[in-house]
Amino acid sequence: MELKVGMTYQYSSIATPERSARAMGSGGLPVFATPALVAMMECACYNCVKEAVPEGSTTVGTALNIKHLSATPEGMNITAECELIEIDRRRLTFRVAAFDECGKIGEGTHERFIVDVEKFMENANFKGDKE
């Protein structure tokens, strides 16, 4: 598979009590949490390109600019969609949106970078050695 602008992906899930604002600590209500929305959008983007990046590489999220437009009650189906809209060397930019059974609940952009897994983990683990 070749990495190219226009690639799309959809990820669907359910607004479970574990993904509520109350359970995640991002609010006090039993509605789908913004952090859960972010995770679904990132998941869609990661899965969109995971088979197209070079062997030994992966993508990591580096920037996210979204609006959570509408509350979703527990039990509803949610779908996050993404489209790869720009490739700048190792930087990938996606348009993201999410929908519940009644319409759009979120939209924005997400940026990911292609990284070498071994080098990335070496750098991350180096921080753990600095005690």
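A few notes on this one:
- Filtered residue count, region 80-102, keeping only those that are surrounded by 16 or more Cβ atoms within 10 Å (Cβ to Cβ), touching a residue at least 40 places away in the same chain (Cβ under 8 Å) and over 12 Å from the mean Cα position of the chain (by Cα): 3
- Test: residue 124 is of a type in the set (A, V, I, L, M, F, W, C), part of a helix (DSSP H, G or I), open to solvent by less than 60 Å² (accessible area, probe 1.4 Å) and touching a Lys or Arg at 6+ places or on another chain (Cβ under 7 Å): no
- Residue in region 27-38 that is open to solvent by less than 60 Å² (accessible area, probe 1.4 Å), in contact with a Leu (Cβ under 7 Å, 6 or more places away or on another chain) and free of Cβ contacts under 8 Å to residues at least 40 places away in the same chain present: yes
- Note on region 103-119: residues that are assigned to a helix (DSSP H, G or I) and more than 19 Å from the chain's Cα centre (by Cα) amount to 2.
- A single entry from 71, 52 fulfils the requirement of being in contact with a Leu (Cβ under 6 Å, 6 or more places away or on another chain) and small (Gly, Ala, Ser): 52.
- Condition check for residue 107: touching a Ser or Thr at 6+ places or on another chain (Cβ under 8 Å), over 18 Å from residue 19 (Cβ atoms) and open to solvent by 60 Å² or more (accessible area, probe 1.4 Å): no
- Within region 47-75, the residues that satisfy the criterion of being touching a helix residue (DSSP H, G or I) at 6+ places or on another chain (Cβ under 7 Å) and either part of a loop (DSSP other than H, G, I, E, B) or at pLDDT below 95 (or both) are 56, 74.
The values are calculated or read from the model by the stated rules, or taken from the named source; none is laboratory data. Since this is a predicted model, take the numbers as computed values, not measurements. Note: ideal-geometry Cβ built from the backbone for every residue, glycine included; neighbour counts use all protein chains shown. The area values use the complete protein model at the heavy-atom level, side chains included, leaving out ligands, DNA and RNA. Shrake-Rupley method; radii C 1.70, N 1.55, O 1.52, S 1.80 Å.
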